[in-house]
Amino acid sequence: MNASLPQLLQCIVSEYPDTIAQYSKDQNGEFQPISYKEMFDCVSNFACGLRVIGCKRGDFIGLISDNRKEWMHASMGIMALGAADIPRGSDVTDSDIIQILGIVESSFVVVEDDIQTKKIFKNIKELPKIQTIIILDSSVDLESLKTEWAQSEEAKTRSMEIFTYDEIILKGKEFRVQNPDYVEKQIAETKPDDIATIIFTSGTTGTPKGVMLTHKNFLSQLPELSKRIILYPGERALSVLPVWHVFERLCEYVIIHAAAGIAYSKPIGSILLADFAKINPHLLPSVPRIWEAVHDGVFKQLRKKGGISYALFKFFLKAGNLRFHYHRRLFKNVAYTSQAEKTVAPFLAFIPWLLLTPIHLLGDALVFSKIRLKLGKNFRAGVSGGGALPSNIDEFFWTAGLTVVAGYGLTETAPVVAVRSIAHPIFGTIGTPCNYNQVKVVDDTGKTLPMGEQGVVYVRGDNVMKGYFKRPELTEEVIDKDGWFNTGDIGYICLGGEIVLRGRLKDTIVLRGGENIEPVPIEMRLQESQYISLAVVVGQDQRYLGALILPDEAELQAWAKSQHIAEESMEKLIELPQVKKLFENEIADLISAENGFKLFEKITRFAVLSKPFEPGVELSAKQEVMRHKINQLYEKEIDELFV
């Protein structure tokens, strides 16, 4: 195994120098390729350019940008120097910039464009260590930005250097003329346990936690994942996800490990479909929301077409989904927890599967083959991570003959724990654990549970993080003395070793788009309303957030009286349209951009409950909300929020 990620790139370059590594769009929207040798030159020049302006081994360098070819050059260049990147996307908030760059005490920050540069300017008083900004978009008006800084109040007491990507590359080229082996020597010094990146995720109080991931955390996964996610040298994969998310980042390392090419696109339907036609990719790593958008797009297009085409599509889809139901049982593509269940189920499925197969084959010829063509003749598989793939979307792609590989992981596990097999997927599961890590399920006492019994999922392996940056007490809470990491997820292990997840013990909510959301800050803000006694934010694996609201009964009754609403029981009062509108307005006012909330943190739908929570039922003895209990007790109300 390679000792570092730049060393991996170095090895690929030595074997496949002229193979295309990256496809990025020019100003006309046309993809322009660069080879692995050209990419490594960019990485080496960037690393040396950083050295020239004062960066050194062990530095933590901010990297605020969306996905683009220069992101990889900067990230690999930072790691080639022996430093670590601190990544974030262009939607980063002012408070995140201050906290994250402040915690790691970054002196250098790489940003995407002038917009991100001005964010640094805006918050510079809170970032006393920052002394250099590097802008990846070299087309920015650099002199204007330098003038803006020079005229700022802060410039009177401190200096700031601002460079473009092209300037850093040029400095690196000049340095390499005199020091041709510098990068190679630096790469050779990097050890597997050195920190490659620190990815910040929000804590339960909204305070960011820095997940320290080493080179080994990533590299240990690549041999196994290359067997489960098939790519060959010279093939192509589309990149649409934020690369600062660990799932997309690892997928790009899988692509590099295969000596395949990364084509940079956008998660926008029209752009994505156009890029499919241009690039003809073999692989698309994505999140459930993107696959759902493809599913919805097909339905919308055929519904608009109407007539016999739509009628045939609906008929063959229904028949195909029914066949899918029997196919899973016949060919043992379902999760079993007992040998008896596994033996009986296939026998009962044979006859209906046999009768439905000719109908499915006809549907494939008339309908589904045309859907597959929209993704190109080369498309082999999609990879879905960052949240659970809805069962109806899973069924649709299987029926249509399109492979989508579902997996499971967390930022703290860099991220992949388990992946479903392409050859023999077990639906309803997230696959078997990868061979570089172990998985067990334990009860409340820490006792390991037998197969089929539900508990908390623990993971141990070379992919588990080094710890939380400067938070040893938090690290000790989630990683025990034997190296087992508490995922906070509830699930069980099946007969074939597959994992089934049932929910989460910890607070973090992951939407279908892969957004990680901490509900506590949202709930605390909602509870600032005089009419809201308690709020519980929900939405795990959904498109958007919802909330269960407990009203302050006294305040609500007083408001009703002021509105001349006849005295009603709480059950009847909360059903009145004007009361629902009251809560709708309160929620919209509190969870807003003005209050620092992001668009995906918006509460889209809510349910007002009439019965207060009780200790021992919904609340713990400490009056803390027990989310897993609420998910069980209010399953119906929660499901209705996402219909």
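The values are calculated or read from the model by the stated rules, or taken from the named source; none is laboratory data. Please read these numbers as outputs of a predicted model, since none were measured by experiment. Heads up, the Cβs are rebuilt from the backbone with ideal geometry, glycines too, and the neighbour counts pull from every protein chain shown.
Annotations for the structure displayed:
- First in the stretch 583-609 and in contact (Cβ under 8 Å) with a residue 24 or more places away in the chain, second anywhere and polar (S, T, N, Q) and outside any helix (DSSP H, G or I), Cβ under 6 Å, 6 or more apart: E586/S529
- Screening L556, L548, L534 for residues that are at pLDDT below 95, crowded, with 21+ Cβ neighbours inside 10 Å, outside the structural domain of S384 (by the TED database) and of a type in the set (A, V, I, L, M, F, W, C) leaves exactly one candidate, L556.
- Exactly one residue out of L348, L362 is assigned to a helix (DSSP H, G or I), at pLDDT 95 or above, surrounded by fewer than 22 Cβ atoms within 10 Å (Cβ to Cβ) and touching a helix residue (DSSP H, G or I) at 6+ places or on another chain (Cβ under 9 Å): that is L362.
- Of residues in the stretch 303-331 being small (G, A, S) and touching a Leu at 6+ places or on another chain (Cβ under 9 Å), the one farthest from L354 (Cα to Cα): S309
- Among (1) touching a helix residue (DSSP H, G or I) at 6+ places or on another chain (Cβ under 8 Å); (2) surrounded by 13 or more Cβ atoms within 10 Å (Cβ to Cβ); (3) of a type in the set (G, A, S) - the single one A593 does not satisfy: (2)
- So Y492, is it closer than 22 Å to G385 by Cα, among the aromatic types (F, W, Y) and in contact with a helix residue (DSSP H, G or I) (Cβ under 8 Å, 6 or more places away or on another chain): no
- Any hit, the stretch 277-291, residues being on the phi > 0 side of the Ramachandran plot and at pLDDT 95 or above: yes
Residues checked against (1) without any contact (Cβ under 8 Å) to a residue 12 or more places away in the chain; (2) touching a strand residue (DSSP E or B) at 6+ places or on another chain (Cβ under 7 Å); (3) in a loop (DSSP other than H, G, I, E, B); (4) among the basic types (K, R):
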position	(1), (2), (3), (4)
A418	no, yes, no, no
T429	no, yes, yes, no
V441	no, yes, no, no
G446	yes, no, yes, no
P450	yes, no, yes, no
E453	no, yes, yes, no
V457	no, yes, no, no
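- Of the strands (runs of 3 or more DSSP E) lying entirely inside the stretch 1-70, those containing at least 1 residues that are within 22 Å of T214 (Cβ to Cβ) and either in the same structural domain as D94 (by the TED database) or modelled with pLDDT of 95 or more (or both) are 60-64.
- Qualifying residue in the stretch 545-558 (condition: among the aliphatic types (A, V, I, L, M), out of contact with any helix residue (DSSP H, G or I) (no Cβ under 7 Å at 6 or more places or on another chain), free of Cβ contacts under 8 Å to residues at least 12 places away in the same chain and closer than 22 Å to P208 by Cα): no
- Here G401 passes the criteria (1) in contact (Cβ under 8 Å) with a residue 60 or more places away in the chain; (2) over 16 Å from D296 (Cα atoms) except the one numbered (1).
- Only residues that are in contact with a Lys or Arg (Cβ under 9 Å, 6 or more places away or on another chain) and farther than 20 Å from L50 by Cα were counted across the stretch 100-124, and they come to 4.
- Subset of the stretch 428-441 that is in contact with a Ser or Thr (Cβ under 8 Å, 6 or more places away or on another chain) and either closer than 14 Å to N333 by Cα or among the small types (G, A, S) (or both) - its residue that is surrounded by the most Cβ atoms within 10 Å (Cβ to Cβ): G431
- Test: residue in the stretch 553-576 that is touching a Pro at 6+ places or on another chain (Cβ under 8 Å) and β-branched (V, I, T): yes
- Scope the stretch 574-598; condition over 15 Å from S610 (Cα atoms) and more than 37 Å from the chain's Cα centre (by Cα); matching residues: P577, Q578
- Test: K440 is charged (D, E, K, R), more than 22 Å from the chain's Cα centre (by Cα) and modelled with pLDDT of 95 or more: yes
- Residues that are among the charged types (D, E, K, R), touching a residue at least 60 places away in the same chain (Cβ under 8 Å) and not assigned by the TED database to the domain that holds K370 do occur in the stretch 470-479, at least one of them.
- The stretch 375-427: number of residues that are of a type in the set (D, E, K, R), in contact with a helix residue (DSSP H, G or I) (Cβ under 8 Å, 6 or more places away or on another chain) and under 19 Å from Q540 (Cα atoms): 1
- Flag if R380 is of a type in the set (K, R), surrounded by fewer than 23 Cβ atoms within 10 Å (Cβ to Cβ) and touching a Phe, Trp or Tyr at 6+ places or on another chain (Cβ under 9 Å): no
- Selection within the stretch 115-133 - under 26 Å from the mean Cα position of the chain (by Cα) and within 25 Å of L170 (Cα to Cα): I115, Q116, T117, I120
- Lone qualifier among A607, A566 - being of a type in the set (A, V, I, L, M, F, W, C) and either more than 15 Å from V537 (Cβ to Cβ) or at pLDDT below 95 (or both): A566
- Restricting the stretch 196-225 to residues that are at pLDDT below 95, hydroxyl-bearing (S, T, Y) and more than 16 Å from the chain's Cα centre (by Cα), the residue that is nearest to S95 (Cα to Cα): T207
- Flag not set for E571, criterion: exposed (fewer than 15 other Cβ atoms within 10 Å of the Cβ), among the charged types (D, E, K, R), farther than 12 Å from V608 by Cα and not assigned by the TED database to the domain that holds L389.
- Evaluation of E38 against (1) crowded, with 21+ Cβ neighbours inside 10 Å; (2) free of Cβ contacts under 8 Å to residues at least 24 places away in the same chain (one fails), failing number: (1)
- Taken together, the residues in the stretch 471-527 that are of a type in the set (K, R), closer than 25 Å to L449 by Cα and part of a loop (DSSP other than H, G, I, E, B) amount to 2.
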